[in-house]
Amino acid sequence: LRIDGASLRLVRLPLITPFTIATGTMTEKVFPLLTLRSGGLEGYAEGVMDPLPDYLEESVAGAMDLLDKVLLPQVLGRSFAHPDHLARLFAPWRANFMARATVEMAFWDLWAKSLNLPLQTVLGGQGTAIDVGVSLGIGPIAGTLDRVAQHLEQGYKRIKLKVKPGHDIALLQAVRQQFPDAHLTVDANCCYTLADSDLIRRMDDFALDYIEQPLAWDDIHDHATLQQRLRTPLCLDECIRTVDHARKALQTDAARVINIKVGRVGGHSAARQIHDLSQSFQVPVWCGGMLESGIGRAHNIHMSTLPGFTKPGDTSSASRYFTRDIIREPLECVQGRMPVPPGPGIGVTLDHDYLATATLSAKDYAA
Ligand code: OSB
Ligand code: MG
């Protein structure tokens, strides 16, 4: 399949409610949106990096530049028999997995469309809907209790609470007391160190499904040490950017659960390999999110239909995040189940009117 052309846009969507995690507050979603063309077909993907490099090392500005000057020129006018071949082309580059994923995922969509098959089918997944939970940002405890109640009533299968030092044990006491049977998890986004081991060990009292990424973004070794001190399984997010990271975490018992974000690990090919490797260690995986627009969410939903995704993912209803999305199809949960968009590729289409309003810059490329 030959890549004949591309469009790279920078898009901004306001968030309905600010989203606060240990590293800061987001009030809007700004992201690169890529279209790849072949014949009359288009494939879409978005980059999941943040404007500032405060989740991982990538930033929107850096990724836009790398896409424009390096990654797109590498693929334009070239033919690829399978999406796996793109990752090989990008193999010489260090890190920048979110920028690579933007191109790789758009090509998977294009490739599935060229075969007239849903993305889930070419990835090896099946089923018409996936289980999902919600990720609740940091806020006053009373308000969080209300939000937990609301989302459990809506049928969400798991509640993930964002925590940070000073907003952890008291929050868990309050939530667990009011919701004794809920599937609860916490996500620390790297805000603790091994010196906090005693505090983190107190989280063992709250029957959490897992504790997500308590320690540094690049420190698998310290997570292995921490896991030895805990009963609750650790789940790694930021630490897993490659298949090799997953292997090291699994071999050292640093992760008993893995959060796979397709956009964080370089795309679907690597996400699937991490899924397969985790299955061989009998470690469950789930699909995380980065407050994506409908394009990224559709990709995540398709990946989540692979058999090893046995824990609820973070791809909740788009209407929780945005008043209007850049796709035409609504992506809304029913009783904690998100339907898989049917049709070829990712199964969603761009709302060009709203996209024009939300676009900050755009550039077209011809092969
Ligand atoms: O760590 O999973 C994370 C959002 C932004 C940055 C990091 C994370 C998150 C979320 C939200 O938890 C997931 C979502 O609802 O898309
Ligand atoms: Mg996380």
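Per-structure values
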item	result
Listing of helices (runs of 4 or more DSSP H) fully contained in segment 49-132 that carry 2 or more residues being surrounded by fewer than 23 Cβ atoms within 10 Å (Cβ to Cβ) and of a type in the set (Gly, Ala, Ser)	60-66
Selection from segment 26-62 of residues that are of a type in the set (Ser, Thr, Tyr) and touching a residue at least 60 places away in the same chain (Cβ under 8 Å)	35, 38, 44, 55
Close pairs from segment 144-163: first in the same structural domain as residue 176 (by TED's automatic domain parsing), partner surrounded by 19 or more Cβ atoms within 10 Å (Cβ to Cβ) and basic (Lys, Arg), Cβ under 8 Å, at least 6 apart	158/311
Selection status of residue 181, modelled with pLDDT of 95 or more, under 29 Å from residue 318 (Cβ atoms) and within 16 Å of ligand 1 (Cβ to nearest atom)	no
Top-ranked residue of segment 211-257 - restricted to ones that are within 17 Å of the chain's Cα centre (by Cα) and assigned to a loop (DSSP other than H, G, I, E, B), ranked as nearest to ligand 1 (Cβ to nearest atom)	237
Every pair of residues 6+ apart whose Cβ atoms lie under 6 Å, when the first sits in segment 248-263 and is of a type in the set (Ser, Thr, Tyr) while the second is away from ligand 2 (no atom under 16 Å from the Cβ)	252/224
Selected residue [within 16 Å of ligand 2 (Cβ to nearest atom) and farther than 22 Å from residue 186 by Cα] from 296, 263, 313, 289	296
So residue 164, is it within 15 Å of ligand 2 (Cβ to nearest atom) and surrounded by fewer than 20 Cβ atoms within 10 Å (Cβ to Cβ)	yes
Which listed residue, of 241, 264, is at pLDDT 95 or above, within 22 Å of residue 161 (Cα to Cα) and out of contact with any Leu (no Cβ under 6 Å at 6 or more places or on another chain)	264
Residue that is surrounded by fewer than 24 Cβ atoms within 10 Å (Cβ to Cβ), at positive phi, among the aliphatic types (A, V, I, L, M) and away from ligand 2 (no atom under 16 Å from the Cβ), where the choices are 224, 195, 207	207
Among residues of segment 168-195, those that are outside any helix (DSSP H, G or I) and without any contact (Cβ under 8 Å) to a residue 60 or more places away in the chain, counted	10
Filter result for residue 175 (in the same structural domain as residue 293 (by TED's automatic domain parsing), modelled with pLDDT of 95 or more and touching a strand residue (DSSP E or B) at 6+ places or on another chain (Cβ under 6 Å))	no
Residue that is nearest to residue 292 (Cα to Cα), among those in segment 1-48 that are part of a strand (DSSP E or B) and of a type in the set (Gly, Ala, Ser)	45
Residue under evaluation residue 175, criteria (1) surrounded by 20 or more Cβ atoms within 10 Å (Cβ to Cβ); (2) within 14 Å of ligand 1 (Cβ to nearest atom); (3) not aromatic (Phe, Trp, Tyr), criterion not met	(2)
Of residues in segment 276-297 being in contact (Cβ under 8 Å) with a residue 60 or more places away in the chain and assigned to a helix (DSSP H, G or I), the one nearest to ligand 1 (Cβ to nearest atom)	296
Residues satisfying the stated conditions in segment 1-58, i.e. closer than 23 Å to residue 84 by Cβ, out of contact with any Phe, Trp or Tyr (no Cβ under 9 Å at 6 or more places or on another chain) and of a type in the set (A, V, I, L, M)	41
Number of the exception - residue 259 against (1) surrounded by fewer than 24 Cβ atoms within 10 Å (Cβ to Cβ); (2) under 28 Å from residue 201 (Cα atoms); (3) polar (S, T, N, Q)	(1)
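The values are calculated or read from the model by the stated rules, or taken from the named source; none is laboratory data. What you see is a predicted model, and the numbers here were worked out from it, not measured in a lab. FYI the Cβ positions are ideal-geometry reconstructions off the backbone, even for glycines, and counts take in every protein chain you see.
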